[in-house]
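Notes follow once the structure below has been shown.
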Amino acid sequence: MADRVTVIGWDGSPLTDAARSALGAATLVAGAGHHLALPEVPPAAERIRLGSVALAARRVAAHRGTAVVLADGDPGFFGVVRTLRAPEFGLEVEVVPAVSSVAAAFARAGMPWDDAQVVVAHRRTLRRAVNVCRAHTKVAVLTSPGAGPAELGLLLEGVHRTFVICEELGTERERVTVLTSDKVADHTWRDPNVVIVLGGPVTSSEGGGWTAGRDPGTGPRGWALRDDVYGGELGEGETELLRAAQLARLGPRTGDLVWDIGSGSGAFATEAARCGAAVIAVDRDPDACARTMATARRFGVQLQISHGLAPHILEDLPEPDVVRVGGGGAAVVSAVADRRPERIVTHAATRDAAELIGRDLTEHGYHVGCALLQSVELDTRAWTEKERSVVFLLSGELRQREAPR
């Protein structure tokens, strides 16, 4: 095992005295090509070009001597420190940090970033990173080859965003470009780069927030809010208790894309967005689409509205993670199941309709649950019944072997 391992962050600035001292004593240096070209790297030191961090960590662990690993920005923030400290390598490291590339990108843009979401995009996580950009007004994306600005822009088709693209930060080739998302794919971008994605109202409250990222305290407390919060124009599939059960079955979260088919007033779509998910609300009624957008604006969440008749309108929508079918019956549920979302919820007014939907979901490979929900609203002045609702709640969960990663 290496006698000593130091991880040095580099942001283009001159190395600190501590970094120079550690690098000068190194018998092994690992880093990218531009790191290994630094004049401070000892000529006699063994050099490892950093591709796979895990492979480099094995080489470092087997080295007898003093090792230094160079990395861009702050190596403890989505960086190499996590891999080097993995139990299988047994490495104890000292870290000399630098300004993270995210902090540098926001500094170049002249913007605060305590209210930003930060995500990593590579081929496996690109879709989820895009969903975060759909759902939030300020997102920093640490990109990678094949999951860069062009790919982000293409997957955000139909959603207007502004991109601040920061290429090769800290080098002589540094470049900052501001473009709308529909123009980004027309250019070739240099790696490494960081993309700041902006959309919707971006404001800063006096004194700032109290937690980094999205403020979890925004909006009214709770979920499945009372019907009267939404103006009392809710359809039969949007009642408070049914919404509560639907949200519980789907569990929308950050990085998910939710389809809300038959959005009605926008109550469910808004509450899914308040959970941090990206939401596409679908309805054939233009008035319902307008109500949904108004509800989203009132609660300060981002939604994409798709006006059209399901199931045909669904063909061009991006792949969902979870889906609520608020209208359209068995035909729409079947079309949704063809797209293989992880979870689907819907409701039926009769047992026959519920059985038809349940059989179809089973044939599509879903584990099906059904519950008869009965709610009775009471007038608490006299404790007498005001309104009664009975509905079948159906949920389908894709069997684990087929569930999306």
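Look at region 363-396 and say how many of its residues are on the phi > 0 side of the Ramachandran plot and among the hydrophobic types (A, V, I, L, M, F, W, C). Write out each step before concluding.
Keep residues of region 363-396 that are on the phi > 0 side of the Ramachandran plot, which gives 365, 383.
If we keep only those that are among the hydrophobic types (A, V, I, L, M, F, W, C) as well, we get 383.
Of the residues in that region, 1 qualify.
Residue check: is I357 open to solvent by 30 Å² or more (accessible area, probe 1.4 Å), modelled with pLDDT of 95 or more and outside any loop (DSSP other than H, G, I, E, B)? Before the answer, list the steps.
Numbers: open to solvent by 30 Å² or more (accessible area, probe 1.4 Å): no; modelled with pLDDT of 95 or more: yes; outside any loop (DSSP other than H, G, I, E, B): yes.
So I357 fails the test.
For Y366, which of the numbered conditions (1) exposed (fewer than 13 other Cβ atoms within 10 Å of the Cβ); (2) of a type in the set (S, T, Y); (3) at pLDDT 95 or above fails to hold?
(1)
Filter region 100-111 down to residues that are more than 18 Å from D191 (Cα to Cα) and out of contact with any strand residue (DSSP E or B) (no Cβ under 7 Å at 6 or more places or on another chain) and give me whichever is least open to solvent (accessible area, probe 1.4 Å). Walk me through how you get there before you give the answer.
Filtering region 100-111 for residues more than 18 Å from D191 (Cα to Cα) gives 107, 109-111.
Then keep just the ones that are out of contact with any strand residue (DSSP E or B) (no Cβ under 7 Å at 6 or more places or on another chain); that gives 107, 110-111.
Working: A107: 69, G110: 68, M111: 48 Å².
Among them, the one singled out is M111.
Based on what the data block shows, is G396 open to solvent by less than 40 Å² (accessible area, probe 1.4 Å), assigned to a strand (DSSP E or B) and farther than 16 Å from L242 by Cβ?
yes
Only one of D321, D260, D316 is of a type outside the set (G, A, S), buried (at least 18 other Cβ atoms within 10 Å of the Cβ) and within 23 Å of L154 (Cβ to Cβ); which?
Numbers: D260 fails: within 23 Å of L154 (Cβ to Cβ); D316 fails: buried (at least 18 other Cβ atoms within 10 Å of the Cβ).
None of the other options fit; the residue is D321.
If we scan region 112-127, do we find a residue that is open to solvent by less than 10 Å² (accessible area, probe 1.4 Å), aromatic (F, W, Y) and within 22 Å of P192 (Cα to Cα)?
No, there is no match, as no residue in region 112-127 is open to solvent by less than 10 Å² (accessible area, probe 1.4 Å), aromatic (F, W, Y) and within 22 Å of P192 (Cα to Cα).
Can you tell me which residue among R340, R351 is more than 31 Å from the chain's Cα centre (by Cα), in contact (Cβ under 8 Å) with a residue 24 or more places away in the chain and farther than 17 Å from G328 by Cβ? Before the answer, list the steps.
Working: R340 fails: more than 31 Å from the chain's Cα centre (by Cα).
Sole residue among the options that is more than 31 Å from the chain's Cα centre (by Cα), in contact (Cβ under 8 Å) with a residue 24 or more places away in the chain and farther than 17 Å from G328 by Cβ: R351.
Can you confirm whether region 113-123 contains a residue that is without any contact (Cβ under 8 Å) to a residue 12 or more places away in the chain and touching a Leu at 6+ places or on another chain (Cβ under 7 Å)? Before you say what the answer is, go through the steps one by one.
Looking only at region 113-123, we keep the residues that are without any contact (Cβ under 8 Å) to a residue 12 or more places away in the chain, and these are none.
No; the residues of region 113-123 include none that is without any contact (Cβ under 8 Å) to a residue 12 or more places away in the chain and touching a Leu at 6+ places or on another chain (Cβ under 7 Å).
When you go through V120, V69, V53, V80 one by one, which is the residue that is over 22 Å from G148 (Cα atoms) and among the aliphatic types (A, V, I, L, M)? Before the answer, list the steps.
Values: V120 fails: over 22 Å from G148 (Cα atoms); V53 fails: over 22 Å from G148 (Cα atoms); V80 fails: over 22 Å from G148 (Cα atoms).
Only one candidate qualifies: V69.
For the condition open to solvent by 10 Å² or more (accessible area, probe 1.4 Å), within 30 Å of H122 (Cα to Cα) and charged (D, E, K, R), what is the one hit in R298, R253? Can you show your working first?
Values: R298 fails: within 30 Å of H122 (Cα to Cα).
Exactly one of R298, R253 is open to solvent by 10 Å² or more (accessible area, probe 1.4 Å), within 30 Å of H122 (Cα to Cα) and charged (D, E, K, R), namely R253.
If you go through region 344-354, how many residues are crowded, with 21+ Cβ neighbours inside 10 Å and either of a type in the set (S, T, Y) or over 21 Å from R388 (Cβ atoms) (or both)? First the steps, then the outcome.
Let us first name the residues in region 344-354 that are crowded, with 21+ Cβ neighbours inside 10 Å, namely 344-348, 354.
Still in the list and also either of a type in the set (S, T, Y) or over 21 Å from R388 (Cβ atoms) (or both): 344-346.
Final tally of qualifying residues: 3.
Within region 331-348, does at least one residue satisfy the condition of being at negative phi and at pLDDT below 95? Even if it seems obvious, please write down each step before you answer.
Initially, region 331-348 is screened for residues at negative phi, giving 331-339, 341-348.
Okay, now just the ones that are also at pLDDT below 95, so none.
The answer is no; no qualifying residue exists.
All but one of (1) open to solvent by less than 50 Å² (accessible area, probe 1.4 Å); (2) out of contact with any Phe, Trp or Tyr (no Cβ under 8 Å at 6 or more places or on another chain); (3) not charged (D, E, K, R) hold for P286, so report the exception by its number.
Evaluating P286 over (1) open to solvent by less than 50 Å² (accessible area, probe 1.4 Å); (2) out of contact with any Phe, Trp or Tyr (no Cβ under 8 Å at 6 or more places or on another chain); (3) not charged (D, E, K, R) leaves (1) as the failure.
Being without any contact (Cβ under 8 Å) to a residue 40 or more places away in the chain, in a loop (DSSP other than H, G, I, E, B) and surrounded by fewer than 19 Cβ atoms within 10 Å (Cβ to Cβ) narrows it down to one residue among G235, G222, G209; which is it? Lay out the reasoning, then the answer.
Working: G235 fails: without any contact (Cβ under 8 Å) to a residue 40 or more places away in the chain; G209 fails: without any contact (Cβ under 8 Å) to a residue 40 or more places away in the chain.
After applying the criteria, what remains is G222.
Being on the phi > 0 side of the Ramachandran plot and in contact with a strand residue (DSSP E or B) (Cβ under 9 Å, 6 or more places away or on another chain) is the filter here, so list the residues in region 140-177 that pass it.
Quick first cut of region 140-177, residues on the phi > 0 side of the Ramachandran plot only: 146, 158, 168, 170.
Selection gives G158, E168, G170.
State all residues of region 1-46 that are over 40 Å from the mean Cα position of the chain (by Cα) and among the aliphatic types (A, V, I, L, M); if no residue qualifies, say none.
Residues satisfying the conditions are A25, A44, A45.
Output yes when any residue across region 374-381 is outside any strand (DSSP E or B), open to solvent by 30 Å² or more (accessible area, probe 1.4 Å) and farther than 29 Å from C289 by Cα, and no when none is.
Taking region 374-381 as the starting set, the residues that turn out to be outside any strand (DSSP E or B) are 380-381.
So of that shortlist, the ones also open to solvent by 30 Å² or more (accessible area, probe 1.4 Å) come out as 380-381.
Of the ones still in play, those that are also farther than 29 Å from C289 by Cα are 380-381.
Yes, that holds for at least one residue.
Name the residue that is nearest to P192 (Cα to Cα), counting only residues in region 128-156 that are surrounded by fewer than 24 Cβ atoms within 10 Å (Cβ to Cβ) and of a type in the set (S, T, N, Q).
S144
The values are calculated or read from the model by the stated rules, or taken from the named source; none is laboratory data. The shown structure was predicted, so the numbers you read here are calculated from the model rather than taken from an experiment. Cβ sites come from the backbone with ideal geometry, for glycine too, and all protein chains shown count toward neighbours. For the accessible areas, the whole protein counts, side chains as well, though only heavy atoms, and no ligand, DNA or RNA atoms are used. Shrake-Rupley method; radii C 1.70, N 1.55, O 1.52, S 1.80 Å.
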